[in-house]
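Everything below concerns the one structure shown next.
Derivation of every value follows stated rules applied to the coordinates shown; laboratory data play no part. Keep in mind the model is a prediction, meaning the values are calculated, not measured. As a convention, Cβ positions derive from the backbone with ideal geometry for all residues, glycine included, and neighbour counts pool all protein chains shown.
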């Protein structure tokens, strides 16, 4: 029997919030915008519950609202990217750092605690990790919104084409055509090796990384990186390729101020992450960057240092200051 809006209340919508945030994040490339989109989705749904007649599922109805909100939010807005999409790698010298670009330029991180599957099915967790990684979310931004929606719903969330056709008010052949075009576009983009599933050996690798970084032992740090590893630092467009070059960058005057940092463990986009605190001249340690690492075959292949720490740390549950004895 269909459930109509008169039999529903706002509490019936809340169980969908987590999945809607994951969907909206993949659509928008920003955790901040995803939360705004889902909040707007819930507000619109609450205001129109009495109009919900039960002809489709409550889930489909909410995703239709969320899709429209995400598409509206992206009108006349430039595509979010990563530094690697902005231009070639730079020499490891501070003079190439360039200006800080607006937050809306970049695909940002999202805490796994906010969107990851809440049960431990290995296949679902592996599929989640692949579908939320920074490289994949960035690739999605190259697609027109309706193609992006079709690809996420069909290939990430495993909806049937008929369900997506109903949501987008189109036909199944049109959805299949959109999927073909989306896949063709993604095939034209530079490919990156997918990170391997985290193994027990990787826990030891991360411990060595934390020890090397906190001691600022650059030689040991470089030894943990793949030869062609990349480092990027949004909101700067500059990025560096090569373990040796990353080591040279770390001892430039500005980066060398990271000596004495503290790292606290987290996870983002299906990958290990660390809250980095730099020494505070006033005492203790102050927020500096959220580091997101990618690991493949026992080595670190990519390091993204998101420098808008004051905004990101509260989202990840980290304090905005560490006392000296912590």
Full-stretch length increase - residue 100, residue 215 - with 0.36 nm per residue and alpha-carbon distance subtracted: 38.6 nm
DSSP beta bridge pairing in the chain, given as percent antiparallel to the nearest 5: 85
Separation between Cα centres of the range 257-322 and the range 107-169, rounded to whole Å: 25
Stokes-Einstein D in µm²/s, Kirkwood radius over Cα pairs - the range 14-154 at 10 °C with 1.306 mPa s viscosity: 96
Nearest-ten-degree value, helix 172-187 long axis tilted from longest Cα axis of the chain: 10
As computed over the range 121-191, the Cα convex hull volume per residue (Å³): 84
Sum of -39500 (n - 2.57) over DSSP H runs of 4+, divided by residues of the chain (222 nm, nearest 500): -12500 deg cm²/dmol
Counting all C-alpha pairs of the range 18-58, share separated by more than 13 Å (%): 56
Principal-axis tilt of helix 17-28 within the chain, Cα atoms, nearest 10 degrees: 70
Relative contact order (%) - criterion: Cα under 8 Å, at least six apart; region: the chain: 17
Translational D in µm²/s for the range 200-315 (Stokes-Einstein at 20 °C, 1.002 mPa s, Kirkwood Rh from C-alpha pairs): 150
Residue order, fewest to most surrounding Cβ atoms within 10 angstrom, among 100, 303, 73: 100, 73, 303
Angstrom value of the Kirkwood radius, inverse mean 1/r, which spans all Cα pairs in the chain: 21.2
Share of alpha-carbon pairs per 5 Å distance bin for the range 60-133, given as whole %: 3, 10, 13, 15, 19, 15, 11, 8, 4, 1, 0
Folded to 0 to 90 degrees: helix 31-47 orientation relative to the chain principal axis, Cα: 20
